[in-house]
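Please treat every number below as a calculation from the coordinates, not as lab data. Bear in mind that the values here come from a model prediction, so they are computed numbers and not experimental data.
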């Protein structure tokens, strides 16, 4: 399965010049924890509710006047829509992030992929190979036991 088959395409976006308060209201209204910052269909950054709390609220900045471009993550890790979901899962672990904006042709924003979007695909994969893994484990234990007895 490809990233394009599992990504979310109904995006919540904001312009870089919107205020933190405006973006926070979008998060509340759309019930999301992150908003993609874009201009003319091109990804510029990403902001999460956690980043807003740490970078704006905790620092005492005025959310009514602080522009989101002042606190957003610029150049977030992204993923290509043609990547395999298994590769996406590996990248989530490698990059230690919970979401990837999906872009192509530079920064053209197509969607977003979260860890939760990858989970069903991985479950099907592991369900499919579970019995093989169990058998392999038992065989490996048996071979290891035989090897240990031949060394004595």
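If you bin the C-alpha pair distances of the stretch 3-117 every 10 Å from 0, what whole percents do you get?
14, 46, 31, 8, 0
Expressed as a rounded percentage, what relative contact order does the stretch 1-115 have, with Cα pairs under 8 Å and six or more residues apart? Mind dumping the intermediate values first?
On the way: 193 pairs, mean separation 37.1, N = 115.
Relative contact order comes out at 32 percent.
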